[in-house]
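Colleague: Dropping the structure in here first, questions after.
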Amino acid sequence: MLCWLAQYGSSQMVAAQVAPLFQAAIAAAWAMLLLWLWSRWRGTALFAQGASLLPALWGGVLFTLQWGCLYLAVDRQALWRVAIDFALLALLALQVGRRKQARASRLWLLGAICALLLGAWAWRAGQGGAWLLTLVAAGSFALGLRQTGCAHMAPQDLMRWRFYQLCVAALLLPLVAVAFSPSWNFLPGNRALLAMLLQAVCGGLGFAFLLARALPQPGDEAPRDPHVVRVIRPDAA
């Protein structure tokens, strides 16, 4: 949450110098470069063939959609409003299709009512477009998190998946910025460059590194192969 607030808060602060979608494009490119340099230093093969390629490319499209919509939403609405809407809508989207107990179902229904009330409030205040952008971003986040299968990835596979995501975003976000940015402000000063670097570290790399630290390392758990049979010698018994 701190990474998220730092990323989009810095985007709002320098929006007068660089349009938010152009900030997103530059931050994604910098994050891709930083991750490539880090992997070269650690000796991680980012371009190794594996099953994570196609999910990561699709995840890159979702990641681009998420970033683009959120940068546009933050440019149109207060950060705290976007944060509340995104958190609530993302949690609801992650729970869609899952079997829940009665108590959890009531909580889900309460959350859905709150989300609709926030949406009605936004439309009444003339900020319905920002709420719709947040809704699309939340759906993209939920789909991306589900299709990656991060919980079953090794940390190096997770970094490879993130690198592919950033590659796709670095290619698509400039096109999205040219096509959909409401303004083409691009007068970056030192403050704007520092803000975009902060966005690259917090938004592009922070989530993946924190998740990799949370995943179990290869030597942390004993193998659970059902075909491995433990043999005890009679004399040892």
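Colleague: Of LEU193, LEU215, LEU205, which residue is out of contact with any His (no Cβ under 8 Å at 6 or more places or on another chain), at pLDDT 90 or above and of a type outside the set (Gly, Ala, Ser)? Quick ask: steps written out before the conclusion?
Modeller: On the way: LEU215 fails: at pLDDT 90 or above; LEU205 fails: at pLDDT 90 or above.
That would be LEU193, the only listed residue that is out of contact with any His (no Cβ under 8 Å at 6 or more places or on another chain), at pLDDT 90 or above and of a type outside the set (Gly, Ala, Ser).
Colleague: Mind checking which residues of segment 1-49 are out of contact with any Phe, Trp or Tyr (no Cβ under 9 Å at 6 or more places or on another chain), within 18 Å of ARG162 (Cβ to Cβ), in a loop (DSSP other than H, G, I, E, B) and of a type in the set (A, V, I, L, M, F, W, C)?
Modeller: Correct list: ALA45, ALA48.
Here's the yes/no breakdown for (1) at pLDDT 90 or above; (2) of a type outside the set (Asp, Glu):
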site	(1), (2)
ALA6	no, yes
GLN23	yes, yes
TRP38	no, yes
SER52	no, yes
PRO55	no, yes
ASP75	no, no
LEU79	no, yes
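Colleague: Can you report the number of residues in segment 174-190 which are at pLDDT 90 or above and crowded, with 17+ Cβ neighbours inside 10 Å?
Modeller: Of the residues in that region, 3 qualify.
The values are calculated or read from the model by the stated rules, or taken from the named source; none is laboratory data. Owing to the predicted nature of the structure, the values given are computational and were not obtained by experimental measurement. When we count neighbours, we look across all protein chains shown, and the Cβ atoms used for this are built from the backbone with ideal geometry, even at glycine.
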